[in-house]
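The values are calculated or read from the model by the stated rules, or taken from the named source; none is laboratory data. Worth saying up front: this structure is predicted, and the values here are computed from it rather than measured. Glycine gets a Cβ as well: all are built from the backbone with ideal geometry, and neighbour counts include every protein chain shown.
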Amino acid sequence: MATEAASVNDTRLDWICSHADSLRGELVIPGDKSVSHRAIMLGALADGISQIDGFLEGEDTRATARIFAALGVRIETPSASRRIVHGVGVDGLRAASDVLDCGNAGTGMRLLSGLLAGQAFDSVLSGDGSLHKRPMRRVIEPLTAMGARIEAEAGGLPPLRIKGGCALHGIDYALPIASAQVKSAVLLAGLYARGETIVREPHPTRDYTERMLQAFGYPIDFAPGHARLSGGHRLRACTVSVPADFSSAAFFIVAASLVPESRLLLRAVGLNPRRTGLLAALRLMGADIREHARSEQGGEPVADLEIRHAPLHGIEVPVELVPDMIDEFPILFIAAAAAKGVTTIRGAAELRVKESDRIAVMAAGLRRLGVRIEERPDGAVIEGGAMTGAEVDSATDHRCAMSFVVAGALAGAPVRIRDCANVATSFPGFDQLARSCGLRLESI
C-alpha cells in the first residue's frame, strides 16, 4: 500500500479539437469531486477506519488528502480510486509543520476553513495563483461570528491564517447568497461549537455535507434550504462509495446532445437533486436524456444516463435552476451557442468568482468562434448559430477548457484551446475518455 503522495501539474498544455462525426459508447465517469473531498475530511475525523471507493484521482482531491496527512491522519492507497483513512477522531488532528496547500481547490479551502477554525492549533491555508484570486470573505464572516479568528489578504483573499484555540459557539445564520461551500464551512465549524448551529438558505443548495455527516453517524437535521446540528458528538467510520461526478458527465451529456447521430450511455452518475439543474435546462431546450437503473450509492441517488442527439432550441434559463447548475454553466454556454434561437442566462453572478470569471472567459471564447453573445453582469444572451475554428483561451479554468472541446467537435474548423493542464484538478483522463467515444482531440 502507498500513502498519499504529492502530485503537481504545472506544465503548459494546449488542446486541438476537430469536428466529430458522432459519439458512441458506454462511459464510466470519474468519481464525484464534492463527495471525494468530504469523504476524506469526515473519514479523518471519524473514530475507526473508513474505506472510500471511487475516490476521484484529481489534483484537487489529492490536495485535500495530502493536507490531512500533514495533519496527522494516515491515508493509504491500496489501489487507484480507493483510499483507506485511519480516522483520528474529532479532536485528534495535530498541527502541520508547514503551510497547507489546497492547490486549485476552492471547495477544499472553504470547507477546511470551517473545520480548522475549531482546532487547538494555528493553520495557514494557501493554494495556487488561481485560488489566491478567489474571495473567501463570505466564509470568513460567519466563522468570525462563531468566534473564529481568521486573517486574509486585502479583499478577503487567500492565504488564510486561522488562529487555533478559539472557543466557537453556534449561530443561526441566514446565507445572503446560496452557497453549499459556505453552508458546509459553517456546519463543519459547528462540530466544534458550543450549542446549536443552524444554516438557512435563500435557495436550497447541494446537501453533500449533510448527507455525509449522517452517513458517518453524526446527528443532524436537514431539509431543502435548512440544516441544524449541535457540537460535541462523534463520527463513526464507514465505507463510502463515490458516484460518478455529474459535473464531469455534463460535458459528454451536452456533446452527445449536439453532435448528430450520437448515442452515449454514462454509467452510475450521481444525481443529487441540488446538483442536476443542467438536466432540467437541457430538457427544456429539447434534449433527449433518459435515466435507467436508478439506485442509491454512498447516500446519493445515481442512475445510468442515456443521451441521444436531438436538436436544441434557445430558452430563458429559469433563475430557480441557477444554484443547482452553477458549475455547469460553461458547458451550457456551448449548448446555447449551438441551439436554434436565443438563450438568456441571468442570476448567475457567482460565475464571476469561480476559478476564473467564467462569464467573461466563455463570452470571449465564443466570440472568437463566431457566436453572437451579449455579456451581462449576471449572465449572458447567446444567439445560436454555426461556429468557426479559432484559438481560444481557457484562462487555466478546467471547466472552460473542457467546454471548448465540445465547441471544437461542432466547429467548421479545428479549435485550439490554450492552458488545459488544470483539467487534471477535476477530471484526470478526460482527453483519453473523450477520444474513446469519438471526440477528435489532440494534445500539443
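Being without any contact (Cβ under 8 Å) to a residue 60 or more places away in the chain and touching a strand residue (DSSP E or B) at 6+ places or on another chain (Cβ under 9 Å) is the filter; apply it to segment 93-104 and report the residue that is surrounded by the fewest Cβ atoms within 10 Å (Cβ to Cβ). Before the answer, list the steps.
Going residue by residue through segment 93-104, those that are without any contact (Cβ under 8 Å) to a residue 60 or more places away in the chain are 93-94, 96-98, 100-102.
After this cut, where a residue has to be touching a strand residue (DSSP E or B) at 6+ places or on another chain (Cβ under 9 Å) as well, the list is 94, 96, 98, 100-102.
Details: Arg94: 13, Ala96: 18, Asp98: 8, Leu100: 24, Asp101: 21, Cys102: 27.
Restricting to residues being without any contact (Cβ under 8 Å) to a residue 60 or more places away in the chain and touching a strand residue (DSSP E or B) at 6+ places or on another chain (Cβ under 9 Å), the top hit is Asp98.
Each row is one residue, and each column tells you yes or no for (1) farther than 14 Å from Leu112 by Cα; (2) in the same structural domain as Gln119 (by TED's automatic domain parsing); (3) at pLDDT 95 or above; (4) in a helix (DSSP H, G or I).
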position	(1), (2), (3), (4)
Leu143	no, yes, yes, yes
Gln181	no, yes, no, yes
Tyr218	yes, yes, yes, no
Arg234	yes, yes, yes, no
Pick out the one residue from Leu131, Leu115 that is touching a Cys at 6+ places or on another chain (Cβ under 9 Å), in the same structural domain as Gly54 (by TED's automatic domain parsing) and either buried (at least 22 other Cβ atoms within 10 Å of the Cβ) or under 22 Å from Phe55 (Cα atoms) (or both).
Leu131
Selection from segment 51-84 of residues touching a Ser or Thr at 6+ places or on another chain (Cβ under 7 Å) and either in the same structural domain as Leu439 (by TED's automatic domain parsing) or assigned to a loop (DSSP other than H, G, I, E, B) (or both) yields Gly54, Phe55, Leu56, Glu57, Gly58
Could you tell me which of the residues Ile345, Ile359, Ile331 is modelled with pLDDT of 95 or more, within 20 Å of Ala390 (Cα to Cα), in the same structural domain as Thr276 (by TED's automatic domain parsing) and over 16 Å from the mean Cα position of the chain (by Cα)?
Ile359
Any residue that is among the hydroxyl-bearing types (Ser, Thr, Tyr) and either at pLDDT 95 or above or in a strand (DSSP E or B) (or both) - is there at least one of those in segment 250-257?
yes
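Somewhere in segment 136-156, is a residue charged (D, E, K, R) and buried (at least 22 other Cβ atoms within 10 Å of the Cβ)? Lay out the reasoning, then the answer.
Our first condition is that a residue be charged (D, E, K, R); within segment 136-156, this holds for 137-138, 141, 149, 151, 153.
Filter once more, keeping what is buried (at least 22 other Cβ atoms within 10 Å of the Cβ): none.
No.
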When Phe430 is evaluated against the numbered criteria (1) more than 25 Å from the chain's Cα centre (by Cα); (2) surrounded by 20 or more Cβ atoms within 10 Å (Cβ to Cβ); (3) under 23 Å from Leu266 (Cα atoms), which criterion, by number, is the only one it fails?
(1)
Residue satisfying all of: in segment 183-204; in contact with a helix residue (DSSP H, G or I) (Cβ under 7 Å, 6 or more places away or on another chain) and surrounded by fewer than 24 Cβ atoms within 10 Å (Cβ to Cβ); nearest to Leu271 (Cα to Cα) among these:
His203
Can you spot a residue in segment 431-443 that is within 30 Å of Thr64 (Cα to Cα), among the charged types (D, E, K, R) and modelled with pLDDT under 95?
no
Check off (1) surrounded by fewer than 16 Cβ atoms within 10 Å (Cβ to Cβ); (2) assigned to a strand (DSSP E or B) for Val124 and give me the number that stays unchecked.
(1)
Qualifying position, being in contact with a helix residue (DSSP H, G or I) (Cβ under 7 Å, 6 or more places away or on another chain) and either part of a strand (DSSP E or B) or among the acidic types (Asp, Glu) (or both), among Gly48, Gly87:
Gly87
Taking first residues from segment 303-328 that are over 21 Å from Ala256 (Cβ atoms) and second residues anywhere that are assigned to a loop (DSSP other than H, G, I, E, B) and of a type in the set (A, V, I, L, M, F, W, C), the pairs with Cβ under 8 Å that are 6 or more apart or on different chains are Val322/Ala348; Pro323/Ala178; Ile326/Ala348
Looking at (1) closer than 21 Å to His203 by Cα; (2) at pLDDT 95 or above, can you tell me which one Arg368 breaks?
(1)
Please work out if Val85 is crowded, with 22+ Cβ neighbours inside 10 Å and within 18 Å of Lys33 (Cα to Cα).
yes
